[in-house]
1. How large is the convex hull of the Cα atoms of region 143-200 per residue, expressed in Å³ as a whole number?
2. Give the Cα extents of region 58-145 along the principal axes, in whole Å, largest first.
3. So how long is each side of region 8-67 along the principal axes, counting just the alpha-carbon atoms, biggest first, in Å?
4. Once both labels are modelled 7 Å past Cα along the beta-carbon direction, what's the Leu87-Leu65 spacing in nm?
5. Quick one: 3J(HN,Hα) in Hz for region 34-40, Karplus 6.51/-1.76/1.60 with θ = phi - 60°, rounded, Gly and Pro as x.
6. Between Glu32 and Ala120, what is the FRET efficiency for a Förster distance of 30 Å, r being their Cβ-Cβ separation, to the nearest 0.05?
7. Would you order Ser139, Ser4 from fewest to most other beta-carbon atoms within 10 Å of each residue's own beta-carbon?
8. Using every pair of alpha-carbon atoms in the chain, split the distances into 5 Å bins beginning at 0 and state the percent of pairs per bin, rounded to integers.
Amino acid sequence: MNVSGQSVGAAARFFKVPPDTLLVVHDDVDLEPGRFQIRLGGGLAGHNGLRSIASTLGTQEFLRLRMGGLVPVVAHPERYWGCTADLVAAWRSSGAVIQMDVTAILGPKRMHRFGEELLARGLVDCFASDTHVDKRSLSAARQWLAEVADADVANLLTRDNPRRLLEDQDVMPVPPIKLQLGMIRRLRELVLGPASPSSD
């Protein structure tokens, strides 16, 4: 976030957006949770992200929507190239909530191993699914989690913590989940259906 001006400036140039029509949404620890303020221009209030944006744009005259009580949700870190479990742990210790895509465990080797490591280290706060056109769903993930951990952990990752986020409550800690041999095959069956017998 401290160098957000790099991406904001690149997007503004690409889309030919004048700085005074750009809206930057950011958290503000001085505002009570749920409060917000909007204004054009003004000081940077020691916010390094705003300073970076102003430097890149060459002006402080852009719209700012300041919001109090924001909880950042890092969605699908298992997909980020170069992301590490230690980095995810640092994000969590800074107050971020970590959301993992249920299909990450079925993904390519790197994504699969990283998703497994995040679960084993207890770094996942909730499961989500951004698949919209196939059988992969949270119900399959919930069933699988109940089998590899227990029903309480399954509900915590797929129901309780997401609900708590939407109700502006702190998420509950999720214990580490160590995957056993054969559990990935079971998830694959739940998500994609039983493997067809080969017709040899």
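1. Residue-normalised Cα hull volume stands at 77 Å³.
2. 49, 31, 25
3. 35, 18, 16
4. It is 2.7 nm.
5. x, 8, 8, 9, 10, 7, 9
6. 0.20
7. Ordered from fewest to most neighbouring Cβ atoms within 10 Å, Ser139, Ser4 come out as Ser139, Ser4.
8. Bins of 5 Å from zero give 1, 7, 13, 15, 14, 13, 11, 10, 7, 5, 2, 1, 1, 0, 0 percent of pairs.
A short reminder: the numbers here are calculations on the coordinates, not readings from a lab. In this text the structure is predicted, and so the values were computed from the model without any measurement. Backbone-built Cβ (ideal geometry, glycine too); neighbour counts: all protein chains shown.
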